[in-house]
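Read the figures in this text as sums done on the coordinates, not as results from a lab. All values derive from a computational prediction rather than experimental measurement. Neighbour counts are summed over all protein chains in view; Cβ atoms, including those assigned to glycine, are modelled from backbone coordinates with ideal geometry.
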């Protein structure tokens, strides 16, 4: 599939990685664990070995971020293979998509470095051999484990030239320290050198680090409202105020699954306080808000109807910094018709549906 044939690109789709599929890419002793007790297929989408709460939303009474399907009454739309993904994209009228993990969205919370080194390598090989296929419109993001920046930089260099790897996935849910910390310099330097954008991908999670201490709220609704936006705001403010964007002017940062409306607030706060505190930033050639306008991109999901805040974000960024993202196959996955709420011109709509993706993902 040529880039010119892509009229709709979905920048936020989640596969359902099975232990049985990842096991061949692991060395012992981890391979034995995955083979003995991991997830395996029972049918095209059915999975055996998934325990209660292993996957968010497995129980319909605890719907943090369930996949589509009124489980257990109907079969969820698990994407356990590239063939299933392609079939679902065709059914939804999507030409191409960028895939992210499902169960590994919380990889940032682990402190088992040996396991993470293996997991990072295994997952990226798994993508390369079983998923990425530009001719079928299937693209993927290289996993970069925050706990192992040097190893992550090597993975970026290893897969950047492989057709179909279009971005770098930075796990955001529960990451410590925040992504603006100096320890992550090898990751950002590697991504900038190869010209791949980094994608901050979060998940609704409860963790002991800022800003994920959501044990203070008791409802799933409160957690959904707070987890991803708080994580995105904290990490993005940290990225710009720590100088990452200033030091890496060629770096593009995509923030997935937080929608649009929160960004104008952040830009306003930065632009207001920066003149009073600019002595902290002797290396800044631009204001923090201008760095965000230059280097940050957002995906559209979630996009509520008649969202005034989303329109304000378009005024701040412009449609050339916005991408369509559906969060498929999670419970509130969007369709391109969600953009109707923005009352876009045909040119702006086309830019969001595919133009921005073609520009930054090297399609």
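So here's what we get for this one:
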read-out: Top of 282, 29, 304 by mean-square fluctuation, Gaussian network on the chain, Cα under 10 Å; value: 282
read-out: Residues 327, 90, sorted so that the one with the fewest Cβ neighbours within 10 Å comes first; value: 90, 327
read-out: Gained length - residue 7 relative to residue 309, 0.36 nm times residue gap less alpha-carbon distance; value: 106.1 nm
read-out: Acute angle (nearest 10 degrees) that the helix 185-194 long axis makes with the longest principal axis of the chain, alpha-carbon atoms; value: 90
read-out: Stokes-Einstein D in µm²/s, Kirkwood radius over Cα pairs - segment 176-224 at 10 °C with 1.306 mPa s viscosity; value: 121
read-out: Full-stretch length increase - residue 225, residue 117 - with 0.36 nm per residue and alpha-carbon distance subtracted; value: 35.7 nm
read-out: Mean separation of Cα contacts under 8 Å, 6 or more apart, over the residue count of segment 165-298: relative contact order %; value: 28
read-out: GNM top mover of 350, 46, 227 - the chain, alpha-carbon springs below 10 Å; value: 46
read-out: Among 331, 273, 210, residue whose mean-square fluctuation peaks in a GNM of the chain (springs only between Cα atoms under 10 Å); value: 273
read-out: Relative contact order %, the chain, counting alpha carbon pairs below 8 Å whose residues are six or more apart; value: 18
read-out: Value of relative contact order over segment 169-247, rounded to a whole percent, pairs C-alpha under 8 Å and six or more apart; value: 41
read-out: Cα gyration tensor shape of segment 73-120, rounded if a/c is under 1.5, else prolate or oblate by comparing a/b with b/c; value: prolate
read-out: Gained length - residue 269 relative to residue 335, 0.36 nm times residue gap less alpha-carbon distance; value: 20.6 nm
read-out: Sorted by Cβ neighbour density within 10 Å, fewest at the top, the residues 262, 179; value: 262, 179
read-out: Alpha-carbon spread of segment 229-363, three principal axes, descending order, Å; value: 46, 30, 28
read-out: Cα gyration tensor category, rounded, prolate or oblate, for the chain with a/c compared to 1.5; value: rounded
read-out: Shape call, segment 172-312: gyration tensor on alpha carbons, a/c limit 1.5; value: prolate
read-out: Cα long-axis angle, helix 149-159 against the chain (0 to 90 degrees, to the nearest 10); value: 70
read-out: Sequence of 291, 115 once ranked by neighbouring C-beta atoms within 10 Å, starting from the fewest; value: 115, 291
read-out: Rounded to whole Å, sorted largest first: equivalent-ellipsoid semi-axes of segment 141-202, Cα gyration tensor; value: 18, 12, 9
read-out: Helix axis angle, 308-317 relative to the chain longest principal axis, alpha carbon, degrees; value: 70
